[in-house]
Each structure stands twice: as C-alpha cells, then as structure tokens.
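Input: a single structure, listed below in structure tokens.
The values are calculated or read from the model by the stated rules, or taken from the named source; none is laboratory data. Here the structure is a predicted model, which is why all the values come from computation and not from measurement. Don't worry about glycine lacking a Cβ; one is built from the backbone with ideal geometry, like all the others, and counts go over all protein chains shown. Please note that ligands, DNA and RNA were not included when accessible areas were found on the heavy atoms of the full protein model with its side chains. Shrake-Rupley method; radii C 1.70, N 1.55, O 1.52, S 1.80 Å.
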Amino acid sequence: LNLADNVSIVSYGRVNLRGSREQPIVIQSQSPNSRWGVFAIIGQESSGSVLQFTDISGGSGDLIDNIKFSGMLSVHWSDNFFMSNSKIHDNLISDDTIHIVHSKFAINSSIFDSCFSDCIDLDYATGRIFDSVIDGAGNDGIDLMRSKIVIEDSYINSVLYKGISVGDMSETDINNSQIYSGIKYE
C-alpha cells in the first residue's frame, strides 16, 4: 500500500495481515517527500488482530473521531493483538512508532528502528515483547505507563533518552535482553 499525504487507515474489526518472508506486506508513503497518517486498530471487535511479515514506514499521527492517535501504528482497546516478523520504522512527526493502549499483546521477532520519538509506547497495556530489536529512538526505546510487560531475548540500542522508561505504576520483567547507549537513569 502506497499511501498519500494525510491518509489514515482505521479498522474497528479484526485485521489479518499475513505476508511472508519472501513477500512481506508493505505500507509506506506514496513518495519520499510525503507522510501519511496512521494505521489504527481499535475496539473490542478488532481483538485477535495479526500482523506477520509486515513492513510499515513513513506514517505520522492523526486525530480521528475525536481520538488522538500518536503512533504511526496504533492499537487501542484491542485484546490478543499479535505481531511477528515485522518491521515498523521511519515514522515522521508523531510521538510513537507504535502505540498500544488498553490492550493485550504479544510482539515476536520484530524490528523497530529510526523512530522519530518513542519506538514503542505502552499505556494500560499487558503483554510480551520477545526476540525483537529496538534501534534508533529519538526519545525512549520503550515507554510504559500503567502497563505490565515481559521483555525477553531482545536488544535495545541507540536511544536518545531511556532504553526503557518504567513509570506510572508499571511493572516489567526483563530477561536475557541487552540495553545499550543513551540510557539516562533518574
């Protein structure tokens, strides 16, 4: 999908994007000088959404139906969201490359890089990130607010502020993972 300036995709139902290693599903800007809005998955009817072998880049944020979507990929009020073998990168202007809110999720074998601000922002979310890479955050690698997550076998590098910001009554269990450069402790 080559999206034009300010075009957003919002799904209130289940999303099933299943590419392959040889033929990933690509969502990107129509031209190098443009930026599209958001790809949003929202609501209880969207529970069970899957992104596999999907490459998303060049998006930003949007305000739709009075909801501010700060992530190029935004998942709100959706349980059992699953992402694997995907690359989410090179967002523009917006705060988050992926923003998961009031949702349950699992992210496996995925890459988040060249993030304008936070690579992964989790608010009131519960889930697991494993075997994934976060590289090149303009702010935090992972930013948590009232979330409970497990991070396993993952790598966080080249963040401008914090590798993992655990705040606002969040809980995290980090196993067999590496965090390098740009970490600021407070």
*Would you work out if region 91-163 is rounded, prolate or oblate? Take a ≥ b ≥ c from the square roots of the eigenvalues of the alpha-carbon gyration tensor; rounded if a/c is under 1.5, else prolate when a/b is larger than b/c, oblate otherwise.*
oblate
_region 1-104, relative contact order [Cα under 8 Å, separation at least 6], %_ = 27 percent
*Any chance you could look up the accessible area of Asp135 with a 1.4 Å probe, heavy atoms only, rounded to 10 Å²?*
50 Å²
*Express in Å², to the nearest 10, the accessible area of Ile107 obtained by rolling a 1.4 Å probe over the protein heavy atoms while all chains stay in place.*
0 Å²
*Roughly speaking, to the nearest percent, how much of region 28-97's 1.4 Å accessible area is carbon and sulfur?*
45 percent
_Can you tell me how region 13-148 classifies by the Cα gyration tensor, rounded, prolate or oblate, using a/c under 1.5 as the rounded cut?_
rounded
*Charge dipole magnitude, Cβ of K and R +1, D and E -1 - region 19-163, Cα centre, debye nearest 20*: 120 debye
_If I ignore ligands, DNA and RNA and count only protein heavy atoms, how much of Tyr155 is accessible to a 1.4 Å probe, in Å² to the nearest 10?_
80 Å²
*Which whole-Hz couplings ³J(HN,Hα) result when phi for each residue of region 36-51 is put into the Karplus expression 6.51 cos²θ - 1.76 cosθ + 1.60, θ = phi - 60°, listed in order with x for Gly and Pro?*
8, x, 10, 10, 10, 10, 9, x, 4, 5, 8, 4, x, 5, 10, 10
*Assuming a ≥ b ≥ c are the square roots of the Cα gyration tensor eigenvalues, decide whether region 43-121 counts as rounded (a/c under 1.5), prolate (otherwise, with a/b larger than b/c) or oblate.*
oblate
